[in-house]
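Novice: What follows is a structure written as structure tokens; I'll ask about it next.
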Amino acid sequence: MPFSTLCRGGMWRKECAYWWMRTDEADSGESEQWYLPRTPDERWKSVRVPHCWEREGISARFEGPVWYVTEVEVPADWQRGRIWLLLEGVSYAAQVWVNGHRLANHVGMWDSFACDLTSHVKDGKAFVALRVMKPGGETYPVPRTLAGFLPYVYGTFGGIWQRAWLVRTPEAWIEDLYPNVVGKEQVEVEISCGGRLPAGLDLRLYGPDGGLVSSKQVQCDERGYVRVAMDVPEPQWWSPHSPNLYRLEVEITDQHGDTCRIARAVGLRTVQVKGDTILLNGEPVYPRGILHWGWYPQHLAPNPTEDEIRAELARLRDMGFNMVKFCLWVPPAHYLHLCDEMGMFAWVELPMWLPEVTPVFQRQVVDEYTRIVLQLRGHPSVIVWTLGCELSDSASAPFLEKLYRLVKRLTDSPLVRDNSGGGEAYHGLLKEYADFYDNHFYCDLPFLRPLFDYFAPRGREPMPWLFGEYCDCDTYRDLPALLQANGGVAPWWATEDEDINPRGLRPDVYVIQQLHRLNQDGFFTDDRDALKFSSEQQAMFHRKVTVETTRLYREISGYVITSISDTPIATSGIFDDSGRPKWDASEWRKFNADDVLLLQFHRRRDWFNGGDRPSYVDWWNFFSNDTVVAHVALSHYGRCDCRGTLHWSLCDEHGRTLLQGEHGIQSPIRAGSLAPVAALELRMPEVSQMQPLTLYCALKTDGGEVIQNDWELWCYPQVDSSVLSQWAVYDPHHKLRGAEKLDWEVKRVGEGEIGQQRQLIASAWHPALLDALRQGARVVLFQHQHDGLPAEGLPFWREALRHFVPHPLWKRFRQKGYTGSQFMGLTCDCALVTGQLQEMLGADAVVQPVLRRVDARSWRVHDYIVDITLGEGRMLATTLRIAGGLGDAPSGIERNVAGLWLLYSMTELLTE
């Protein structure tokens, strides 16, 4: 029973913070009886807990055993009742002795446990000894434990990593206290008692204002649960907007009249599911979560202080988040208490990841999960439970079903799932035990809608559809600044010392690779600010588009964005290595809120080879004088129906208003709905050069709220197709299909005619291009991965930094130092391998990068655009998709406004 959960809230407790610690490399401590009372000599080190033994100079590769001893002194006024040692968290396996008597064995790092010392206390004192092993070694390999994902982030930790207490109870005590909201005005309190029974129970419920609301007195006659119904007239409901907390006090009185009072916060809230909608207190709610791996480098273990948690949650709320997903770790009790207090939902993902499933492991999981869930349940903030992450079919159906039934029985939660990420996506079970659908889509932007459409659970059992993690985008890690802030040396998690920072289970420790690169050649030292700016702006655009696309699917019920902070293996955090937010919170709230204005444009179809096909258009780029219709919608999860007026304006880059208007909402928009607001007819301005525009929308509701969003669009001069008609076209795979619809008189040539051309647009490499270049030809080459020049398949938006090299091309094809909406239709899935390119073209070729790809993790460098001079000839080569076609990117050159303009700009540049 999770007796240990409640002891800390009791009347009688005393912290046990000071211990002596000693490593046991020979594993001889037990045979040499280190557990017997002793005065520690110089071989023992004085430590204060909570701590991790790695912080005391012990090698991080040492799995243990490590011994802890202390002498506890029982206060003089604790002469009656039972005396307990409460350990809130020990990693990973602990044996406990008291005054030489073995008292307990405990396996599991996430749950608290307590030992009864009463019969072993002598003269008011007791000598306590612990022998501790951590996970990650030969004794407890990580795949056979519930160590979670942290071993893949940095490693494992050992020791008494949460607080230790001496606790007194009467001869009868409360083992479990679970308040469960069962009706509109009623709470059922489930109480389990232990010790010498019967015992009396006095229950008192106090309101958020401190006034007494209800009281009951009952008798507990035998072991098992007593259920007590308590009326709550005119309840004040708990929600993220109003985190009202009641206080439940339960006093137990034993047969001798000895008492102990336990208190816990109670949030009155109901969570229900209606089809694909989650209801909180009967109203639709949209969970917007951040993924949290428990990475706290300042502590090593995931045990932040209350001040750190408060600051963390306050910043998350300010950015529009209303949920934290504890991904494969169990937060300490005070974290969930603060989630309750500050109105932050919690998604608890129990720590099963890449397991080695054996009968022993299965029994251990059931045991640990039971203890963990009993200790966490009852927090109003916890609304979602998952039993593991991205599990393969090594986790069998009977095993997962047993866990699912267990958590359902213990929590009564309507949102429990066996496998976050889904068996369909991770080669797991196709028959799932789940109350909601869950996917982890990490993809480039053109594949969002295809993935959503493909996995949409249409025609299946109606349930909420949540993205348990998605939408990551790495940014530049400013290592010189990080080193400077750390006194000129690498932080412990970036050192190559295996005793401090072992590689462990990580296939790559990217930060170490980055340090090597920095030390070798300085790695863009002069461009640090540009890389940081570029990557953060790109990541913001990527996330805005991803989340807004998500909100355009009514059947999607919520999401979790990866991740809260940068780590040694990724820089996808919304907070950097120093804990600072990378973006202004107000920008996040435009798309990460209860109410979000959304934008989409018209659609097209084509008749192709005897049938209709979708013909994707460019929603971000338009030509001068184009008339387009912008459809503005509202994803509404506010607390009441929405009426109001939409005010909009289209402005140029200098802030001048080009168009403006307003539209009233004719019918109220119901909470929990996706509804149209207005269709805006926009005539693009006449421009002489590529120009950014901004569409601003503000919905002023009748209730006084203002819902705002804005989008960057690009406007281009009309392309002079006669200029393109002067160029020959080598297009063996017909990538420029549809060019004729642009009044472009395409002069197609075969491979035998390449050498005769002086101006050539090529959609694939051919060796004859080398001869043509040496003879003075001008060539624009756009290719995919396997079309000739050496290229490597790589994501365009994810895990990629951009370096814009100064070049005349950027005067024609404008950019603001980062890849934004003008690159949506150009999205590609490969980049040129520059070193191999030089070898292929020969030593006399001069290759000048124009647009570079820097891998955000490994810092490897590739190129998207290069300017090549060979003999008298010159070639601009790119892997950007001039003709679109990747995912839902524009379908062909006729639809790809930015692609056509880039091609035109390249031909103009080469003919200057």
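Novice: Within the stretch 617-673, restricting attention to residues that are closer than 13 Å to ASP595 by Cα and of a type in the set (D, E, K, R), which residue is surrounded by the fewest Cβ atoms within 10 Å (Cβ to Cβ)?
Specialist: Going through the qualifying residues, I end up with ARG670.
Novice: If I ask for residues that are buried (at least 18 other Cβ atoms within 10 Å of the Cβ) and assigned to a helix (DSSP H, G or I), which ones from the stretch 708-729 would you list?
Specialist: Within the stretch 708-729, LEU724 is the sole residue that qualifies.
Novice: Shifting gears a bit: Tell me, please, whether a residue that is farther than 21 Å from TRP293 by Cβ, outside any loop (DSSP other than H, G, I, E, B) and without any contact (Cβ under 8 Å) to a residue 24 or more places away in the chain can be found in the stretch 387-398.
Specialist: Taking every residue of the stretch 387-398 in turn, at least one turns out to be farther than 21 Å from TRP293 by Cβ, outside any loop (DSSP other than H, G, I, E, B) and without any contact (Cβ under 8 Å) to a residue 24 or more places away in the chain.
Novice: I've got another one for you. Which condition breaks for VAL489 when tested against (1) open to solvent by 70 Å² or more (accessible area, probe 1.4 Å); (2) within 23 Å of the chain's Cα centre (by Cα)?
Specialist: Failing condition for VAL489: (2).
Novice: Checking GLN236 against (1) assigned to a loop (DSSP other than H, G, I, E, B); (2) surrounded by 17 or more Cβ atoms within 10 Å (Cβ to Cβ): exactly one of these is not met. Which one?
Specialist: GLN236 satisfies every listed condition except (2).
Novice: Specify which of the listed residues (ASP521, ASP453) is surrounded by fewer than 17 Cβ atoms within 10 Å (Cβ to Cβ), in the same structural domain as GLY558 (by the TED database) and not hydrophobic (A, V, I, L, M, F, W, C). Before you say what the answer is, go through the steps one by one.
Specialist: Details: ASP521 fails: in the same structural domain as GLY558 (by the TED database).
Checking each option against the conditions leaves just ASP453.
Novice: Taking into account only those residues within the stretch 33-53 that are free of Cβ contacts under 8 Å to residues at least 40 places away in the same chain, within 30 Å of ARG168 (Cβ to Cβ) and not in a strand (DSSP E or B), which is most open to solvent (accessible area, probe 1.4 Å)?
Specialist: Checking each candidate, the answer is THR39.
Novice: Let me ask another. Restricting the stretch 577-616 to residues that are acidic (Asp, Glu) and in contact with a Lys or Arg (Cβ under 6 Å, 6 or more places away or on another chain), which is least open to solvent (accessible area, probe 1.4 Å)?
Specialist: The initial filter retains those residues of the stretch 577-616 that are acidic (Asp, Glu), namely 577, 584, 587, 594-595, 606, 612.
Next, only the ones that are in contact with a Lys or Arg (Cβ under 6 Å, 6 or more places away or on another chain) stay: 606, 612.
Details: ASP606: 42, ASP612: 98 Å².
Step by step, filter the stretch 577-616, then rank; the result is ASP606.
Novice: Of these, ALA104, ALA76, which one is open to solvent by 10 Å² or more (accessible area, probe 1.4 Å) and either part of a loop (DSSP other than H, G, I, E, B) or of a type in the set (Phe, Trp, Tyr) (or both)?
Specialist: Numbers: ALA104 fails: either part of a loop (DSSP other than H, G, I, E, B) or of a type in the set (Phe, Trp, Tyr) (or both).
Testing whether each residue is open to solvent by 10 Å² or more (accessible area, probe 1.4 Å) and either part of a loop (DSSP other than H, G, I, E, B) or of a type in the set (Phe, Trp, Tyr) (or both) leaves just ALA76.
Novice: Still on this structure, please answer the following. Which one of these does GLY194 not meet: (1) closer than 22 Å to TRP12 by Cβ; (2) out of contact with any helix residue (DSSP H, G or I) (no Cβ under 9 Å at 6 or more places or on another chain)?
Specialist: If we test GLY194 against (1) closer than 22 Å to TRP12 by Cβ; (2) out of contact with any helix residue (DSSP H, G or I) (no Cβ under 9 Å at 6 or more places or on another chain), just (2) comes out false.
Novice: Right, here's the next one. So ASN501 passes all but one of these: (1) within 23 Å of the chain's Cα centre (by Cα); (2) not assigned by the TED database to the domain that holds GLN298. Which condition number does it fail?
Specialist: With (1) within 23 Å of the chain's Cα centre (by Cα); (2) not assigned by the TED database to the domain that holds GLN298 applied to ASN501, the lone miss is (1).
Novice: Further question on the same structure: Consider only pairs whose beta carbons are under 8 Å apart and that are at least six residues apart or on different chains; among these, list those whose first residue lies in the stretch 776-789 and is closer than 16 Å to ALA845 by Cβ and whose second residue is in a loop (DSSP other than H, G, I, E, B) and acidic (Asp, Glu).
Specialist: Short answer, once both residue conditions are applied: GLY776/GLU872.
Novice: State which residue is nearest to ARG264 (Cα to Cα) when the search covers only the stretch 155-177 and only residues that are open to solvent by 10 Å² or more (accessible area, probe 1.4 Å) and among the aromatic types (Phe, Trp, Tyr).
Specialist: Looking at residues that are open to solvent by 10 Å² or more (accessible area, probe 1.4 Å) and among the aromatic types (Phe, Trp, Tyr), I get TRP173.
Novice: To continue, here is another question. Determine which member of the set ASP116, ASP221, ASP123 is open to solvent by 30 Å² or more (accessible area, probe 1.4 Å) and farther than 30 Å from PRO75 by Cα. Steps first, please.
Specialist: Numbers: ASP116 fails: farther than 30 Å from PRO75 by Cα; ASP123 fails: farther than 30 Å from PRO75 by Cα.
Among ASP116, ASP221, ASP123, only ASP221 is open to solvent by 30 Å² or more (accessible area, probe 1.4 Å) and farther than 30 Å from PRO75 by Cα.
Novice: Quick check, is GLY378 under 25 Å from TYR559 (Cα atoms) and modelled with pLDDT under 95? Step through it out loud before you land on a result.
Specialist: Numbers: under 25 Å from TYR559 (Cα atoms): yes; modelled with pLDDT under 95: yes.
Answer is yes for this residue.
Novice: Within the stretch 612-638, track down each residue that is part of a loop (DSSP other than H, G, I, E, B) and either at pLDDT below 95 or more than 30 Å from ASN281 (Cα to Cα) (or both).
Specialist: Pass one, the stretch 612-638, residues part of a loop (DSSP other than H, G, I, E, B): 616-620, 624-626, 637-638.
Scanning the stretch 612-638 gives TYR616, VAL617, ASP618, TRP619, TRP620, SER624, ASN625, ASP626, GLY638.
Novice: Taking ASP202 as meeting all but one of (1) under 30 Å from THR386 (Cα atoms); (2) modelled with pLDDT of 95 or more; (3) acidic (Asp, Glu), write down the number of the exception.
Specialist: The one condition ASP202 does not meet is (1).
Novice: Would it be correct to say that ARG506 is touching a helix residue (DSSP H, G or I) at 6+ places or on another chain (Cβ under 8 Å), over 17 Å from ALA800 (Cα atoms) and either charged (D, E, K, R) or assigned by the TED database to the domain that holds PHE823 (or both)? Let's see the steps before the verdict.
Specialist: Details: touching a helix residue (DSSP H, G or I) at 6+ places or on another chain (Cβ under 8 Å): yes; over 17 Å from ALA800 (Cα atoms): yes; either charged (D, E, K, R) or assigned by the TED database to the domain that holds PHE823 (or both): yes.
Yes: the conditions hold for ARG506.
Novice: Here's another thing I want to ask about it. Only one residue in PRO135, PRO151 is in a loop (DSSP other than H, G, I, E, B), in contact with a helix residue (DSSP H, G or I) (Cβ under 6 Å, 6 or more places away or on another chain) and on the phi < 0 side of the Ramachandran plot, so which one is that? Lay out the reasoning, then the answer.
Specialist: Working: PRO151 fails: in a loop (DSSP other than H, G, I, E, B).
Answer to the check: PRO135.
Novice: When only residues in the stretch 297-316 that are over 20 Å from the mean Cα position of the chain (by Cα) and assigned to a helix (DSSP H, G or I) count, which is surrounded by the most Cβ atoms within 10 Å (Cβ to Cβ)? Let's see the steps before the verdict.
Specialist: Of the stretch 297-316, the ones over 20 Å from the mean Cα position of the chain (by Cα) are 298-299, 305-307.
Still in the list and also assigned to a helix (DSSP H, G or I): 306-307.
Details: GLU306: 12, ASP307: 8.
That would be GLU306.
Novice: I've got another one for you. Looking at the stretch 546-569, which of its residues are open to solvent by 10 Å² or more (accessible area, probe 1.4 Å) and either of a type outside the set (D, E, K, R) or within 20 Å of GLY820 (Cα to Cα) (or both)?
Specialist: Those that are open to solvent by 10 Å² or more (accessible area, probe 1.4 Å) and either of a type outside the set (D, E, K, R) or within 20 Å of GLY820 (Cα to Cα) (or both): GLU548, THR549, LEU552, TYR553, SER565, ILE569.
Novice: Mind checking which residues of the stretch 748-777 are closer than 19 Å to LEU909 by Cα and surrounded by fewer than 13 Cβ atoms within 10 Å (Cβ to Cβ)?
Specialist: GLY776
Novice: Does the stretch 730-747 include one or more residues that are closer than 30 Å to GLU662 by Cβ and either among the β-branched types (Val, Ile, Thr) or buried (at least 19 other Cβ atoms within 10 Å of the Cβ) (or both)?
Specialist: Here is the first cut: in the stretch 730-747, the residues closer than 30 Å to GLU662 by Cβ are none.
Within the stretch 730-747 (the criterion being closer than 30 Å to GLU662 by Cβ and either among the β-branched types (Val, Ile, Thr) or buried (at least 19 other Cβ atoms within 10 Å of the Cβ) (or both)), the answer is no, since none of the residues qualifies.
Novice: Continuing with this model, one more query. Given the options VAL324, VAL273, name the one that is part of a strand (DSSP E or B) and not assigned by the TED database to the domain that holds GLU469.
Specialist: Details: VAL324 fails: not assigned by the TED database to the domain that holds GLU469.
The match here is VAL273.
Novice: Looking at GLU30, GLU88, GLU56, GLU63, can you tell me which residue is under 27 Å from GLU171 (Cβ atoms), touching a residue at least 12 places away in the same chain (Cβ under 8 Å), open to solvent by 10 Å² or more (accessible area, probe 1.4 Å) and acidic (Asp, Glu)?
Specialist: Working: GLU30 fails: under 27 Å from GLU171 (Cβ atoms); GLU56 fails: under 27 Å from GLU171 (Cβ atoms); GLU63 fails: under 27 Å from GLU171 (Cβ atoms).
Step by step, each of GLU30, GLU88, GLU56, GLU63 is checked, and only GLU88 is under 27 Å from GLU171 (Cβ atoms), touching a residue at least 12 places away in the same chain (Cβ under 8 Å), open to solvent by 10 Å² or more (accessible area, probe 1.4 Å) and acidic (Asp, Glu).
Novice: Follow-up. If TYR140 satisfies all but one of (1) part of a loop (DSSP other than H, G, I, E, B); (2) touching a helix residue (DSSP H, G or I) at 6+ places or on another chain (Cβ under 9 Å); (3) open to solvent by 20 Å² or more (accessible area, probe 1.4 Å); (4) of a type in the set (Phe, Trp, Tyr), what's the number of the condition it fails?
Specialist: Here TYR140 clears every test but (2).
The values are calculated or read from the model by the stated rules, or taken from the named source; none is laboratory data. Keep in mind that what you see is a predicted model, and the values were worked out from it rather than measured. Note that each Cβ is placed from the backbone with ideal geometry, even for glycine, and that neighbours are counted across all protein chains shown. Note: accessible area is taken over every heavy atom of the protein model, side chains too, but ligands, DNA and RNA are not part of it. Shrake-Rupley method; radii C 1.70, N 1.55, O 1.52, S 1.80 Å.
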